[in-house]
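Here's the structure, in structure tokens; my notes come after.
The values are calculated or read from the model by the stated rules, or taken from the named source; none is laboratory data. The structure presented is a predicted model; accordingly, all values stated were derived computationally and were not measured. Here Cβ is always computed from backbone atoms with ideal geometry, including for glycine, and neighbour counts include all displayed protein chains. Only protein heavy atoms, including side chains, enter the accessible area calculation; ligands, DNA and RNA are left aside. Shrake-Rupley method; radii C 1.70, N 1.55, O 1.52, S 1.80 Å.
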Amino acid sequence: MKLLITGAAGFIGSNFVFYSLDKHPDYKIVGYDALTYAGNLETLKPAMENSNFKFVKGDISDRESVFDLFEKEQFDLVINFAAESHVDRSIEDPGVFLQTNVIGTQVLMDAFRKFGGIRYHQVSTDEVYGDLPLDNPHAFFTETTPITASSPYSASKAAADLLVMAYHRTYQIPVTISRCSNNYGPYQFPEKLIPLMIARALEDKSLPVYGTGENVRDWLYVEDHCRAIDQIIHNGEVGEIFNIGGHNERTNLEVVKTLLNLLNKPQSLIHFVADRKGHDLRYAIDPSKIHSELGWLPTTNFEEGMKKTINWYLENREWWEKIISGEYQEYYKKMYGGGYADL
Ligand code: NAD
Ligand code: DAU
């Protein structure tokens, strides 16, 4: 089997590369990534030592580069993780989100259509379902919940999903889509809630919680997401959409307080800041389809996952310290304003 993993130098893509090399030692894997601010080739260093893995730098919306790659490699499975993934950045500058997340998906699907393969898998998100109210804990996203995107990011992911299903119906491309809840774990870029808060707490800096901190996310340890995708691409029925999540809802404030307790840092580090524009209230996945059809269940609970994640950030300071120096400082100042003395 030969796999194409796009977005391989990002958070989930790199974790999926490691997972697949380990689970399928006979597979050949090509990682393709444009190495944007979110892509880090250093992350893939251990994979580079494996002769079954090869990295190619390129943009999924660059038709010539993608078509050359498909012609040369003749992939069996294509898994598209590549995306602009951060909601706050999409609010600042939507254009690149449409280019990568929509046009990039179209280019990959066109290449798949021309050169063939066993399966095209689109890694999507629960954000395409919009949000749920805070006052109805019995409401969940199912695969038939209508698409209602709130941010330019989620709109671009929703557009890509519609395109993937349209290519399936029109051109009979063998596709699957997965829509996962919030991931956390090793190699997550420290602009996202959990690694941002770990990195800042370790430096005794203020922790910017948006609005009241009552918004709810449904957290899943990244390895559980990788295992779910692996099961879908091998055993999931073509043309189907699978939600992925582990019934692990927490308010943002609960997440931050848990982190502070585990790090033995004071709650006084918490600072409430202006809310995100259009901030989704609550995400909560109903994972009964993937459980009943593929037998998938998460294996890492939140407390265990948080401990593993914190240990990873403690043991890999060099990885994230490099990232938060330099250009990222400018991003932080722009996004969070100049109101903090310790920025
Ligand atoms: P990430 O931002 O950490 O990584 C994205 C990767 O894509 C980076 O390596 C980046 O360099 C690469 N990339 C960006 N634009 C590209 C382009 N034009 N061509 C090629 N490569 C490009 O994102 P992530 O958190 O690992 O998310 C991966 C996928 O999973 C995304 O599609 C995202 O929508 C989806 N997802 C993420 C989460 C989450 O909680 N992080 C949850 C559900 C779904
Ligand atoms: O649900 C899946 C989605 O999860 C993925 O599709 C996205 O790619 C991924 O980025 C993530 O989106 P969120 O917007 O939920 O994640 P983020 O880590 O940015 O924020 C989580 C929550 O924490 C959200 O309610 C906003 C809040 N937050 C975030 C940051 C960065 C804060 O309160 N303060 C912050 O500084």
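Panel note: the C-alpha atoms of the chain, placed on their principal axes, show extents of 56, 44, 37 Å (largest first). The GNM of the chain, with springs linking C-alpha atoms under 10 angstrom apart, assigns the highest mean-square fluctuation among Glu304, Glu143, Glu191 to Glu304.
Around the Cα centre of the chain, unit charges on the Cβ atoms of Lys, Arg, Asp and Glu (plus for the first two, minus for the last two) sum to a dipole of about 180 debye.
How far, in nm, would the chain grow between Glu318 and His247 when pulled straight, counting 0.36 nm per residue and subtracting the alpha carbon separation?
Details: separation 71, 0.36 × 71 = 25.56 nm, distance 3.30 nm.
Length difference between fully extended and current span is 22.3 nm.
Can you bin the stretch 63-159 into rounded, prolate or oblate? Criterion: square roots of the alpha carbon gyration tensor eigenvalues sorted a ≥ b ≥ c, rounded for a/c under 1.5, prolate for a/b above b/c, oblate for the rest. Oblate, since a/c reaches 1.5 and b/c is not below a/b. Each Lys or Arg adds one and each Asp or Glu takes one away; over the other residues whose Cβ falls under 9 Å from the Cβ of Asn182, this sums to 0.
Using Cβ point charges alone (K and R +1, D and E -1), the dipole size of the stretch 250-343 about the Cα centre works out to roughly 180 debye. On the basis of the beta-carbon distance and an R0 of 30 Å, Met48 and Ser288 show a calculated FRET efficiency of 0.15. The modelled label-to-label distance for the pair His138/Ser325, using points 7 Å beyond Cα in the direction of Cβ, is 5.5 nm.
Kindly provide the helix-only [θ] at 222 nm of the chain, computed as the sum of -39,500 (n - 2.57) over DSSP H runs of four or more divided by all residues, to the nearest 500 deg cm²/dmol? Helix-only estimate at 222 nm: -12500 deg cm²/dmol. Helix 327-336 axis versus longest C-alpha principal axis of the chain: approximately 60°, rounded to the nearest ten.
For the listed peptides 232-241, 73-82, a ranking on the average number of other beta carbons within 10 Å per residue, highest first, reads 73-82, 232-241.
How big is the charge dipole of the stretch 93-135 about its Cα centre, in debye rounded to the nearest 20, if each Lys and Arg gets +1 on its Cβ and each Asp and Glu gets -1 on its Cβ? Spell out each step's value before the answer.
On the way: 3 positive and 6 negative charges, 112 e Å.
Its charge dipole is roughly 540 debye.
Comparing mean-square fluctuations of Tyr19, Tyr129, Tyr221 from a GNM of the chain with C-alpha springs under 10 Å, the top value falls on Tyr19. The residues of the chain expose on average 41 square angstrom of accessible surface per residue, using a 1.4 Å probe on protein heavy atoms.
Between Gln267 and Val56, the distance separating the two model label sites (each 7 Å from Cα on the Cα→Cβ line) works out to 5.3 nm. Within the accessible area of the chain, the carbon and sulfur atoms contribute 50%, probe 1.4 Å, all protein chains present.
Put the Cα centre of the stretch 32-69 next to the Cα centre of the stretch 111-150 and the gap is 25 Å.
How charged is the neighbourhood of Val56? Take every other residue with its Cβ under 12 Å from the Cβ of Val56, and add Lys/Arg as +1 and Asp/Glu as -1.
Values: positive: Lys54, Lys57, Lys72; negative: Asp33, Asp59, Asp62, Asp68, Glu73.
Every neighbour counted, the sum reads -2.
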